[in-house]
Each structure stands twice: as C-alpha cells, then as structure tokens.
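Q: This is the structure, below, for whatever I ask next.
The values are calculated or read from the model by the stated rules, or taken from the named source; none is laboratory data. Note that this is a predicted model, so its numbers are computed, not measured. So basically every Cβ, Gly included, is an ideal-geometry build from the backbone, and we count neighbours across all protein chains shown. Please note that ligands, DNA and RNA were not included when accessible areas were found on the heavy atoms of the full protein model with its side chains. Shrake-Rupley method; radii C 1.70, N 1.55, O 1.52, S 1.80 Å.
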Amino acid sequence: MANAALEKFILKFSAVIFLLYLIILVLILGLKGLNLITAVIGFALGVLLFEATAYMFSCAPFGSKARTLRSGGVLTGAFVIVIAALFIAMRTSDEAFWCLFGGVVTIPAAVMIYIVLEAIGLLHTDFFT
C-alpha cells in the first residue's frame, strides 16, 4: 500500500472489529465450534486479500512490468482462494458460510467505519497530511 502506517492502522482496527464480531457470534447468536473456526479463517482470508491488494497498489505505479504482473497474479490468486473458501463453506452449511463471509468482510467494514469516523471528526490521524 502507498501508506504503510495506514495499512497497519486498518489491520489493527479490523482486529478490534473482528473481536466484536466474535463476541456477537458467541453471546448473541450462541455459535461455537466449527462456526467460530470458519469466522477466524474468514478473517485470515480477508487479511490475505487486503495484503494482496496493498501489494498490488504498491507495485503498480512504481514497479517494473514483471513486478506489476506478479502482483496482479498474487491478487488474483488471493481472490480465487477466497471464492473457493466461500464456495466450500456454502456447501458445508449456511451458518458456516455466513461466519466465513463475516470474517472476510471485517476489513472492508473497518475501512468504511474508519472513513466515516474520520469524515465526521471523531477520529483524526495524520496519515494524509
């Protein structure tokens, strides 16, 4: 990613959001066992996809053509892994699918929450100044 400090912040912030997601799964929905494992796997896959995207953005404008193609391959491979995991979870059970999906979308949710908090002034970081 063009801004490594922002990337680290998003990963830390998404870990907090993911812990809240796990608390909701356990306390409110009463899920346990395989569903919690699929949620953790989903979060790991979300991190993989986020890091592959960050690698792509860091290579594309500055790197050589071979490096850009390699980063595109890494992003495509991460995307295929996430889609395959979602397909397998869908075939396993509805709860496993939604737990995995919730884990994967934790990072995009954290990014959206961060943008809203920054826009309304509740959070201010110096990542863009």
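Q: Can you list residues whose amide H is under 5 Å from Asn3's amide H, if they're 5+ apart or on another chain and H is modeled 1.01 Å from N?
A: Long-range HN contacts for Asn3: none found.
Q: OK, next. With charges set only on the Cβ (+1 for Lys and Arg, -1 for Asp and Glu), what does the dipole of the chain come to about its Cα centre, in debye to the nearest 20? Don't jump to the answer; show the numbers that get you there.
A: Details: 7 positive and 6 negative charges, 75 e Å.
Result for the chain is approximately 360 debye, rounded to the nearest 20.
Q: Continuing with the same structure: When the accessible area of the chain is split by element with a 1.4 Å probe, what percent falls to carbon and sulfur?
A: Working: 6040 of 7880 Å².
That share works out to 77 percent.
Q: With a cut-off of at most 14 other beta carbons within 10 Å, and DSSP calling the residue loop, which chymotrypsin sites (Phe, Trp or Tyr not before Pro) in region 30-77 qualify? Please list them. Before the final figure, lay out the partial values.
A: Values: sites: Phe43, Phe50, Tyr55, Phe57, Phe62; in loops: Phe62.
Passing sites in region 30-77 are Phe62.
Q: Working out 0.36 nm times the residue gap between Phe57 and Leu122, then minus their Cα-Cα distance, what length gain in nm do you get to one decimal? Write out the running numbers ahead of the final one.
A: On the way: separation 65, 0.36 × 65 = 23.40 nm, distance 2.79 nm.
Going from the current span to full extension adds 20.6 nm.
Q: Ok, one more. When we measure straight from the Cα of Lys32, which lysines land under 28 angstrom away, once same-chain ones fewer than 8 places off are left out?
A: Those lysines meeting the cut-off are Lys12.
Q: A further question follows. Leaving out ligands and nucleic acids, note down the accessible area per residue over region 1-116 with a 1.4 angstrom probe, in whole Å².
A: Details: 6770 Å² over 116 residues.
Heavy-atom SASA per residue in region 1-116 reads 58 Å².
Q: What residues of region 102-129 lie in the reach of a label at Lys12, counting those whose backbone N is under 19 Å from a point 7 Å from the Cα along Cα→Cβ?
A: Counting only backbone N, you get 107-119, 122-129.
Q: Between [x] 30, 20, 12; [y] 28, 22, 8; [z] 24, 15, 13, which entry matches semi-axes √(5λ) of the Cα gyration tensor in Å as derived from the coordinates of this structure?
A: Matching entry in [x] 30, 20, 12; [y] 28, 22, 8; [z] 24, 15, 13: [y].
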